[in-house]
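The values are calculated or read from the model by the stated rules, or taken from the named source; none is laboratory data. Note that this is a predicted model, so its numbers are computed, not measured. No Cβ is skipped: glycine too gets one built from the backbone with ideal geometry, and neighbour counts run over all protein chains shown.
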Amino acid sequence: MAKVMLRESDEGKVLFYVAKKDMEEIIDSLEFDSDEKWGGEVSLTNGDVWFIEPDVKKLPNEVTAKIITRGES
């Protein structure tokens, strides 16, 4: 499990930042993508797939996330 900071970029994309790894990626797709239920399996632009417990969409926000699969990079 890792603490992850989520925030919206100027372009309207959601950025996923893991401080311990100094990794920042753009969220490519979400399992749940509504204001009332947001999160689930999250795919990043580097190919990683993480799990964020679905909750109300609130950005910026710090959440606990778990890596499911690592990308090819």
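Restricting to segment 2-30, name every residue that is over 10 Å from the mean Cα position of the chain (by Cα) and over 17 Å from Gly71 (Cβ atoms). Break it down into steps so the answer makes sense when it comes.
Of the residues in segment 2-30, the ones over 10 Å from the mean Cα position of the chain (by Cα) are 2-3, 8-13, 19-23.
The answer is Lys3, Glu8, Ser9, Asp10, Glu11, Gly12, Lys13, Ala19, Lys20.
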>> Just to be sure I understand the filter: pairs with C-beta atoms under 8 Å, separated by 6 or more residues or on different chains, first member in segment 6-28 and at pLDDT below 95, second member surrounded by fewer than 14 Cβ atoms within 10 Å (Cβ to Cβ) and basic (Lys, Arg). Which pairs pass?
In response: Ala19/Lys3; Lys20/Lys3
>> Considering only residues that are under 15 Å from Arg70 (Cα atoms), surrounded by 16 or more Cβ atoms within 10 Å (Cβ to Cβ) and small (Gly, Ala, Ser), which ones fall in segment 31-47?
In response: Ser43
> Would you call Lys66 within 14 Å of Met1 (Cβ to Cβ) and not in a strand (DSSP E or B)?
Replying inline: no
> When you scan segment 48-73, how many residues do you find that are surrounded by 12 or more Cβ atoms within 10 Å (Cβ to Cβ) and of a type in the set (Gly, Ala, Ser)?
Replying inline: 2
